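The values are calculated or read from the model by the stated rules, or taken from the named source; none is laboratory data. Worth saying up front: this structure is predicted, and the values here are computed from it rather than measured. Positions of Cβ are generated from backbone atoms using ideal geometry, with glycine treated the same way; all protein chains shown enter the neighbour counts. Accessible surface is based on the protein model in full, side chains and every heavy atom, while ligands, DNA and RNA are left aside. Shrake-Rupley method; radii C 1.70, N 1.55, O 1.52, S 1.80 Å.
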2 protein chains.
Amino acid sequence: MEQGQAPSEKPGRPPAQSTLHEVRTAENSAAYLLPKVQSMKEANPHLTLLDVGAGSGTISVSFAQLIPDGHVTGVDLNPDILPRARAVAEMAGVENIDFQQGSVYKLPFADETFDVTCCHQVLIHIGTPWDALREMLRVTKRGGIVAAREGDYETECVWPDLPYLSKFHKLMAGLMSAGGGTPTAGRQLVSWALKAGAEPSQITLSYSPSSYDTPSRRKICSQGLCDQLRGGSMRAKALKFGLGSEDDFEQMAAAWEEWAKRDDASLAMLNGEILVQK
Amino acid sequence: MEQGQAPSEKPGRPPAQSTLHEVRTAENSAAYLLPKVQSMKEANPHLTLLDVGAGSGTISVSFAQLIPDGHVTGVDLNPDILPRARAVAEMAGVENIDFQQGSVYKLPFADETFDVTCCHQVLIHIGTPWDALREMLRVTKRGGIVAAREGDYETECVWPDLPYLSKFHKLMAGLMSAGGGTPTAGRQLVSWALKAGAEPSQITLSYSPSSYDTPSRRKICSQGLCDQLRGGSMRAKALKFGLGSEDDFEQMAAAWEEWAKRDDASLAMLNGEILVQK
């Protein structure tokens, strides 16, 4: 989950806006980082990994499964999501993990604590992402890795070109900007890492897509977005910032429902990814 | 090379605009198709593959290397590029290949000739891509595969945000549209395949990025674009369509040179990919 999202209504149950987040795993959301974690694990099975902005913890839990002799710590700004993350770990039978409340700007750890410090769709939502990267570098051991994967919302492409899907795109970009975020985060990751003090030679950049390219994935996507438009915290924020009316949100939800039924439907976006070798 | 590009000035030498095209291989431009070709080759080593819009032939040649007991045919609308493609094959020592002139709208082959029929960055440039896909399906055997990978130019993201790079983006989209192409091809591939007569169950959609994310790749990219802006057929077309002045093109080339030197530079784009099982 991103920093600053609304609390889960029931501990151990996902909030409406988490439907889409909880399909995320290390495999589908951090593939760029896996070979590095694998090689570090071979050198040291007792690897420690910090997942910043862990939200519901699905990515953190899958990392914990990948380093069974290591330990994962998940941190989120929102204390109300922590029971859900702990429930996700428990349901998966994962014990080498803990979740704590904390801000990416002031991580509650000493210098050089973790071998790997990573985040996913966190920097895109915050005002000074280079400060977050500097803090992530601080808590990472020398020889360790800082990793971030962030969407580039302006690369989102949707088909068919239904008018209310374009309006939804503008709503999401507006929400991100109104909240102090950067819709074009993906393309700016290297510039942010440099601003955080990394040298060019320490940084490896890559890109990978997020896409909803099968009927079942489209259904999950549509349901998740409809939940958010009809009752999640996104809707509340959008109303607060005056970014649309209740009727607009209903029309957008209806457009996503139509989209999910279309044989020619497609949705994809580029994510930027950086590995910073400390 | 795309359909309808300008001739090579010297047979056996790449034209200016091919600098970027000739780094393309099956591995970096058709990874979505390789597992399918591999499994088909295991069932039948004598696989036949048609590469439509083969241009300088680098992708065709790398396919021929992957199916040494099979045969690759490369077709391009432009007869002047064929000597370059043959030279590329000869330099690679590849003999199980031939290149012919032909249009994707009227391929010079009988029905059900090839096991695999593929194209790369061809449908994005032409007026009725569904007719091209129908023709590609016609020449493909039952049980065979039609494959296409096409950019979605509106997903292109560049950093830093230099003004003349934005102007270049508009120039390229304008050129594609003026030439009858579709800058948002990638997201429309499934709709085009359906229009060509394929059933939804026959189509597999995926996305992958093209990116220039290392200093050496950025240098190749910048040099290729500068060559095109300062002397290639793209410049001639842009002048013909009134899409910019000579001064504009020089400023764009200077912006790409600046971009290539920047430590924070990045460029990426999404490509749509379809496999159609016949």
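The table that follows gives values for the structure above.
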item: Residue closest to axis [chain B; rotation mapping onto A; Cβ; Å]; result: B:155, 2
item: List of the stretch A:127-152 residues, accessible area with partners at least 10 Å² below that of the chain alone (1.4 Å probe); result: none
item: Å² per residue, accessible surface of the stretch B:16-277 at 1.4 Å; result: 38
item: Long-range amide H partners of residue B:126 with built H, under 5 Å; result: B:182
item: 7 Å along Cα→Cβ, label-point gaps from residue A:43 to other copies, nm, shortest first; result: 4.5
item: Across the identical copies, how the residue B:127 labels are spaced - nm, sorted shortest first, 7 Å along Cα→Cβ; result: 5.5
item: Residue A:142-residue A:91 FRET efficiency (beta carbon distance; Förster radius 30 Å; 0.05 resolution); result: 0.25
item: Quarter of the Cα convex hull surface for the stretch B:16-158, i.e. its orientation-mean projected area (nm²); result: 8.8
item: Convex hull volume of the stretch A:81-137 per residue (C-alpha atoms, cubic angstrom); result: 103
item: Value at 222 nm in deg cm²/dmol, rounded to 500, when DSSP H runs of n ≥ 4 in chain A each add -39,500 (n - 2.57); result: -12500 deg cm²/dmol
item: Phi-based couplings in Hz for the stretch A:266-278 (Karplus 6.51, -1.76, 1.60; Gly and Pro marked x); result: 7, 8, 8, 8, 8, 10, x, 9, 10, 10, 10, 7, 7
item: Peptide-level mean, for A:264-273, of C-beta atoms on other protein chains within 10 Å; result: 6
item: Per-copy distances of the residue B:247 label point, shortest first, in nm (7 angstrom along Cα→Cβ); result: 4.9
item: The stretch A:153-278 - percent relative contact order, Cα under 8 Å, separation 6 or more; result: 48
item: Inter-site label distance for residue A:214 and residue A:43 at 7 Å from Cα along Cβ, in nm; result: 3.6
item: Heavy atoms of residue B:119 accessible to a 1.4 Å probe, total area in Å² rounded to 10; result: 0
item: The protein assembly as shown - Rg and Dmax from Cα coordinates, angstrom; result: 24.6, 71
item: Per-q log10 I(q)/I(0), the stretch A:97-237, q = 0.10, 0.13 Å⁻¹ (Debye; single scatterer per alpha-carbon; no solvent); result: -0.43, -0.70
item: Estimated FRET transfer efficiency (residue A:28, residue B:247; beta-carbon r; R0 35 Å; 0.05); result: 0.15
item: Shape of chain A, Cα gyration tensor, a/c cut at 1.5; result: prolate
item: Length added when fully stretched, residue B:111-residue B:263, from 0.36 nm per residue minus Cα-Cα; result: 49.5 nm
item: Candidate lysines for bridging to residue A:170, where Cα separation is under 25 Å - those fewer than 8 sequence places away on the same chain excluded; result: A:219, A:237, A:240, A:261, B:167, B:170
item: Length-normalised contact order for chain B - Cα pairs under 8 Å, 6+ apart - percent; result: 21
item: Rounded percent of accessible protein surface that carbon and sulfur make up, the protein assembly as shown, 1.4 Å probe; result: 53
item: Amide H partners (placed H, <5 Å) of residue B:99, local residues excluded; result: B:74
item: Protein heavy-atom accessible area occluded, A/B pair - total, 1.4 Å probe, Å²; result: 2100
